[in-house]
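A.B. asks: First the structure, which I've put down as structure tokens, then a few questions once you've had a look.
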Amino acid sequence: MTVCDVTGLNDLVEQLARQANMERWCHCLMSSLHKDLKLNSITLLVEQDDRTYVFASWSGKSDYRYYNQPLLMTEYNGVPVGLFEQAKQNHEFVRAYVSKPYKALWNIEDNLWCQILLPIQMHGRNVAYIYAETADSARFESSLHYVERLLVVLASDISARVLQQEVIHHNITRRSIEAELEVRKQSITNYLGLMRNLHEVTLKLSQATQLDTLYRQAIELGRAYLGIDRMAIFLTDFESNLMLGTYGTSPEGLLVDRKAFNSQIPDHPLVNEALSHKNHVVVKENAPLYYGKEQVGTGWNAMIAMWNGVECIGWIAVDNLINQRALTEHQKEILKLFGAAIGQQIVIRRNYDSIKELNIDLEKRVIRRTQELQATNRALEEANRSLEQLSMQDGLTGIANRRFFDLRFARYWAVATKKQVPLTVMMIDVDNFKSYNDTNGHLEGDHCLKRIASRLESTLAPYKKSIVCRYGGEEFACLLPTVDKAMASLIAEDLRCAVAELGIPHRTQDAPYATVSIGVHTTIPAGEFSMSEALMTLADKALYAAKTQGRNCVVSW
């Protein structure tokens, strides 16, 4: 290490020590790495509570971003996962040579890029990481001794800065409870406003008479009513693996005709994820934003696929290039519904255009207009059913909620009374769930409930008209029409085993994994619906008996 390197390192350490807060400290470090080592796409990641968070990033020449609410590694589209895992497990810096930057969709320049991941260690433990890319790998290789000394210095500095940042964050949080409540109130108000706007947009789109008009109005109305910066609609031709443009938004926010645009569908994680999930909004932060194949900025990028049954017919791309506003959870839900509405209208309009070609005379034109009206009404009914379905769905697990269970229970009771067939209720409770939450945290607790709910739903799927819902907290309820007592016990045991097979670690109870207790009761209704309360009560008593008998078992009343 040369005297010049030592002097430069000392100067950088002094500059870092003078920074007033974590944001300025990160900017000082990244600007120095960019200037002195010619590094680009720099990302600082910090280990906290056994999780890896992104604190800041540097793209291009001067595009610096600091995340006041650090992003989880899984939410960040800027670091190769394989390279990161290799550095994390081996506790040593790694590098790879590739033909294009990690976040780039297209390989435009003929350069060899070096991807670098540097772990920052203290007492043999990784406390942070620096990821960077450079087209000048020789400059980095010649400065390895400087980099190694710098990482040693940064280790203690990062730990102290992160601790200071946490103290500041806690103080601010303590003083901002009332402000947060007001923000939530405003958020709900904004969400209701967006829902009303979405309803109006859906009505206007249903009146479009041509596909070209539908695409153009969707862009105009989406930006005008839903607070979207930029938006584009692409159609898919999977036989040719092509993405086809319709209308979009220029970098300045103007409506542009993009029907001349076509390209191969990019083999990119963002695109692949969006095109493989229904009713799902894919969002990536710190993503490159494009106009055609030219990158025009950086921000969050969201994609919503449009479907005709099981066929993906295209996708909607939105971003925040112009105003750089954060994307809220409410906006994600609105975008999901918006994508479904546009997809439905495209399918309706395509069907309408096909029918139109066959209607030549006056009588067929009358039939065509009648079908158009019926299709529009079906689309509105489907939209209303979608809204109703949302109110019947548990927000955490995605399965049915208590309201849906109560409504379906009344219907099944009436049918069972009329036909004199059995009706079975199962009450299911996750064993020792409070201790699971206390040990692993509420986020892991939520993840545990989601996995259990999904397994219960898939296990019950073969039984016609059976339903499972989240009844409250860690409690689930199942309703099985025409299932007698003997079959109910077998099904309940299948459910118990299915949950156990998930193998969710639960170190605070006798079993090494999460389990459930199940109470079952079957009856043949012979009275008014008011008597149905006994069915629920006895199933609940059976659940209580299962809990008192040691948990992880099935009890039939």
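A.B. asks: Can you name the residue in segment 334-347 that is surrounded by fewer than 23 Cβ atoms within 10 Å (Cβ to Cβ) and without any contact (Cβ under 8 Å) to a residue 60 or more places away in the chain and is also farthest from SER206 (Cα to Cα) among such residues?
C.D. replies: Step by step, filter segment 334-347, then rank; the result is LYS336.
Matching residues to (1) in contact (Cβ under 8 Å) with a residue 12 or more places away in the chain; (2) part of a loop (DSSP other than H, G, I, E, B):
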position	(1), (2)
LYS418	no, no
MET426	yes, no
ASN437	no, no
LEU443	no, no
ASP446	yes, no
LEU449	yes, no
ALA453	yes, no
THR459	yes, no
TYR463	yes, yes
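A.B. asks: On to the next question. Can you pull out every residue in segment 97-137 that is without any contact (Cβ under 8 Å) to a residue 60 or more places away in the chain, more than 19 Å from SER159 (Cβ to Cβ) and assigned to a loop (DSSP other than H, G, I, E, B)?
C.D. replies: SER99, LYS100, ASN107, GLU109, ASP110, ASN111, LEU112
A.B. asks: Sticking with this structure for a sec: Residue check, ASN197 against (1) open to solvent by 30 Å² or more (accessible area, probe 1.4 Å); (2) in a helix (DSSP H, G or I); (3) at pLDDT below 90; (4) out of contact with any Leu (no Cβ under 7 Å at 6 or more places or on another chain), all met but one. Which one?
C.D. replies: It is condition (4) that ASN197 fails.
A.B. asks: Go over the candidates THR537, THR522 one by one and state the one that is closer than 27 Å to VAL415 by Cα, touching an Asp or Glu at 6+ places or on another chain (Cβ under 8 Å) and either open to solvent by 20 Å² or more (accessible area, probe 1.4 Å) or of a type in the set (Lys, Arg) (or both).
C.D. replies: None of the other options fit; the residue is THR522.
A.B. asks: Contact list please: Cβ distance under 9 Å, first residue in segment 311-333 and touching a residue at least 60 places away in the same chain (Cβ under 8 Å) and closer than 28 Å to ASP237 by Cα, second residue surrounded by fewer than 20 Cβ atoms within 10 Å (Cβ to Cβ) and of a type in the set (D, E, K, R), pairs at least six apart or on different chains.
C.D. replies: Within 9 Å, the pairs are CYS312/LYS278; ILE313/ARG350; VAL318/ASP229; ASP319/ASP229; ASN320/ASP229; LEU321/ASP229.
A.B. asks: Would you mention how many residues in segment 113-162 are within 17 Å of LYS88 (Cα to Cα), in contact with a strand residue (DSSP E or B) (Cβ under 6 Å, 6 or more places away or on another chain) and polar (S, T, N, Q)?
C.D. replies: 2
A.B. asks: Still on this structure, I have one more. Please enumerate the residues belonging to segment 200-226 that are under 24 Å from the mean Cα position of the chain (by Cα), assigned to a loop (DSSP other than H, G, I, E, B) and under 18 Å from GLN344 (Cα atoms).
C.D. replies: Within segment 200-226, no residue meets the criteria.
A.B. asks: Another one. Please identify the pairs in which a residue from segment 272-297 that is touching a residue at least 24 places away in the same chain (Cβ under 8 Å) has its Cβ atom under 6 Å from the Cβ atom of a residue that is open to solvent by 70 Å² or more (accessible area, probe 1.4 Å), counting only partners at least 6 apart or on another chain.
C.D. replies: Sorted first by the residue in segment 272-297, then by its partner, the pairs are PRO288/GLN295.
A.B. asks: Those residues that are open to solvent by less than 20 Å² (accessible area, probe 1.4 Å), farther than 18 Å from LEU480 by Cα and in a strand (DSSP E or B), I need them from segment 501-519; list them, please.
C.D. replies: Of everything in segment 501-519, just one residue is open to solvent by less than 20 Å² (accessible area, probe 1.4 Å), farther than 18 Å from LEU480 by Cα and in a strand (DSSP E or B), namely VAL516.
A.B. asks: Here's another thing I want to ask about it. Name the one entry in ALA498, ALA492, ALA534 that is closer than 21 Å to ALA416 by Cβ, modelled with pLDDT of 95 or more and not in a loop (DSSP other than H, G, I, E, B). Before the answer, list the steps.
C.D. replies: Values: ALA498 fails: closer than 21 Å to ALA416 by Cβ; ALA534 fails: modelled with pLDDT of 95 or more.
After applying the criteria, what remains is ALA492.
A.B. asks: Which members of segment 256-275 meet the condition of being open to solvent by 70 Å² or more (accessible area, probe 1.4 Å) and not in a helix (DSSP H, G or I)?
C.D. replies: Hits for segment 256-275 are ASP257, LYS259, ALA260, ASN262, GLN264, ASP267.
A.B. asks: Being over 30 Å from the mean Cα position of the chain (by Cα) and charged (D, E, K, R) is true for just one of LYS465, LYS450, LYS418. Which residue is that?
C.D. replies: That would be LYS418, the only listed residue that is over 30 Å from the mean Cα position of the chain (by Cα) and charged (D, E, K, R).
A.B. asks: For segment 28-79, what are the residues that are in contact with a His (Cβ under 8 Å, 6 or more places away or on another chain) and buried (at least 16 other Cβ atoms within 10 Å of the Cβ)?
C.D. replies: Those that are in contact with a His (Cβ under 8 Å, 6 or more places away or on another chain) and buried (at least 16 other Cβ atoms within 10 Å of the Cβ): ASN40, ILE42, ALA56, TRP58, TYR64, TYR66.
A.B. asks: Somewhere in segment 121-137, is a residue more than 34 Å from the chain's Cα centre (by Cα) and under 22 Å from SER31 (Cβ atoms)?
C.D. replies: For segment 121-137, residues more than 34 Å from the chain's Cα centre (by Cα) and under 22 Å from SER31 (Cβ atoms): present.
A.B. asks: Determine which member of the set TYR247, TYR291, TYR225 is of a type in the set (Ser, Thr, Tyr) and surrounded by 20 or more Cβ atoms within 10 Å (Cβ to Cβ).
C.D. replies: Numbers: TYR291 fails: surrounded by 20 or more Cβ atoms within 10 Å (Cβ to Cβ); TYR225 fails: surrounded by 20 or more Cβ atoms within 10 Å (Cβ to Cβ).
The conditions single out TYR247.
A.B. asks: Can you pull out the residues in segment 84-103 that are open to solvent by 20 Å² or more (accessible area, probe 1.4 Å) and hydrophobic (A, V, I, L, M, F, W, C)?
C.D. replies: If the condition is that a residue be open to solvent by 20 Å² or more (accessible area, probe 1.4 Å) and hydrophobic (A, V, I, L, M, F, W, C), then PHE93, ALA96, VAL98 are the ones that fit.
A.B. asks: If you don't mind, there's one more thing I want to ask. Taking GLU252 and the conditions (1) assigned to a loop (DSSP other than H, G, I, E, B); (2) surrounded by 15 or more Cβ atoms within 10 Å (Cβ to Cβ); (3) acidic (Asp, Glu), which numbered condition does it fall short on, given that it satisfies the others?
C.D. replies: (2)
The values are calculated or read from the model by the stated rules, or taken from the named source; none is laboratory data. No experiment lies behind these values; they were computed from the predicted model shown. Ideal geometry is used to build each Cβ from the backbone, glycine not excepted, and the neighbour counts take in all protein chains shown. Quick note on the areas: whole protein, heavy atoms, side chains included, nothing else; ligands and nucleic acids left out. Shrake-Rupley method; radii C 1.70, N 1.55, O 1.52, S 1.80 Å.
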